[in-house]
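Some notes on the structure that comes next.
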Amino acid sequence: MPRDPDDAFECEAWTRGFRRVAGVDEAGRGPLAGPVVAAAVVLPRRCRLDGLRDSKLLSERQREHVYAQLLTVAVDIGVGVVDAGVIDALNILEATRLAMAQAVRHLTPCPDYLLLDAVVLPGIAAEQRAVIKGDRLCRSIAAASIVAKVLRDRLMSRAHVRYPQYGFLAHKGYGTAEHLRQLQRYGPCDLHRRSFAPVREAAVR
Amino acid sequence: MSIRAVIGSEGERAAAEFLEARGYRILERNYRTRLGEIDLVADEGGTLVFVEVKVRRNDRFGGPAAAITSAKQARIARLAQQYVVSRRLGGRPCRFDVVLIWGADPRTRRIELLPGAFDAPANRSTA
């Protein structure tokens, strides 16, 4: 039975003398369309967060519930958004790092310690710790994963208004059977990641 | 996006929902020009309504009411004028509303609508 994320990693950093500890995570690495969104969240030392868990284990409603609490209790939140065009120009890993670095740079003052889910960010002057399964284990990373996921879903709902034919509202750009069907039918739009194989294949047809 | 921007955009979403429930039709979100941005533009019974949304995370700092300076009012009025001209809506009655939101959590936040919260400065009210 997996345990809920706790603040053991944060406590360790605080004990070592770090003052501003931020959790960083991303949403939208896998989809065929839409941006990759990253969030950085600084939580207070003591706070109650009801239902905080890895964003992938929560329903949309539960995520909204935690997100609303986070907007109230978080010390600081930063968000980075990197669009499909840049994902194609770099690659998804570099684009994800870029979104994360943007998210961290939107924190004021700068954090001195970062907890990340299995990545590190070159070019960010803070002590960094990559935690395997960080979004399940570490409170700040779980919080960041929820903020990133909710905001990405918002952006995909807006994308649906512009491009209603793909069904973005339902699948948020992920490669579901329905999405692949519409991609075959209409070809890619400017939100699609042309460097991803199914999009590339749909584009040559 | 900073935390201010995140909370601001959540506030705009909440305000739009609140106004739609009261019969406003939202025409534009974040109408942006060189001069700046209007949070929401709506139609309410034929009147063109330009809406400024103010959000505070909590009740500290005396709440959001004091936050719209006369300079900001003048800027919103100029933006409104640009909107009216660009959409060829001259002659439509116009109004400036303010939506105040205390709190970021939908279950506990308080929303207040101030219809006609301010007037366009006289020298700018005619397009």
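The values are calculated or read from the model by the stated rules, or taken from the named source; none is laboratory data. Because the structure is a prediction, the values reported are computed rather than measured. Counting neighbours? That spans all protein chains shown, and the Cβs are built from the backbone with ideal geometry, glycine included.
Things worth noting here:
- Out of B:Arg32, B:Arg78, B:Arg4, sole residue that is touching a residue at least 24 places away in the same chain (Cβ under 8 Å) and surrounded by fewer than 18 Cβ atoms within 10 Å (Cβ to Cβ): B:Arg78
- Members of the stretch A:162-194 found to be among the small types (Gly, Ala, Ser) and exposed (fewer than 15 other Cβ atoms within 10 Å of the Cβ), listed by number: A:Ala170, A:Ala177, A:Gly187
- Number of positions in the stretch B:15-29 that are in contact (Cβ under 8 Å) with a residue 40 or more places away in the chain, of a type outside the set (Asp, Glu) and either under 21 Å from B:Arg75 (Cα atoms) or surrounded by 12 or more Cβ atoms within 10 Å (Cβ to Cβ) (or both): 3
- Filter result for A:Cys138 (over 30 Å from A:Phe196 (Cα atoms) and in contact with a Phe, Trp or Tyr (Cβ under 8 Å, 6 or more places away or on another chain)): yes
- Just one of (1) crowded, with 24+ Cβ neighbours inside 10 Å; (2) basic (Lys, Arg); (3) in contact with a helix residue (DSSP H, G or I) (Cβ under 8 Å, 6 or more places away or on another chain) fails for A:Arg136. It is (1).
- Any hit, the stretch A:125-144, residues being within 14 Å of chain B (Cβ to nearest Cβ) and closer than 19 Å to A:Val81 by Cα: yes
- Some residue of the stretch A:76-87 being outside any helix (DSSP H, G or I), closer than 26 Å to A:Gly17 by Cα and among the aliphatic types (A, V, I, L, M): yes
- Which listed residue is modelled with pLDDT of 95 or more and away from every other protein chain (no Cβ under 13 Å), from A:Val86, A:Val42: A:Val86
- Within the stretch B:1-38, the only residue that satisfies the criterion of being within 28 Å of A:Ala74 (Cα to Cα), part of a strand (DSSP E or B) and at pLDDT 95 or above is B:Ile38.
- Subset of the stretch A:58-89 (residues that are surrounded by fewer than 15 Cβ atoms within 10 Å (Cβ to Cβ) and either touching a Phe, Trp or Tyr at 6+ places or on another chain (Cβ under 6 Å) or among the aliphatic types (A, V, I, L, M) (or both)): A:Ala89
- Any hit, the stretch A:145-159, residues being in contact (Cβ under 8 Å) with a residue 24 or more places away in the chain, over 15 Å from the mean Cα position of the chain (by Cα) and within 21 Å of A:Pro31 (Cα to Cα): yes
- Boolean, A:Glu94 is away from chain B (no Cβ under 12 Å), closer than 30 Å to A:Arg181 by Cα and among the acidic types (Asp, Glu): yes
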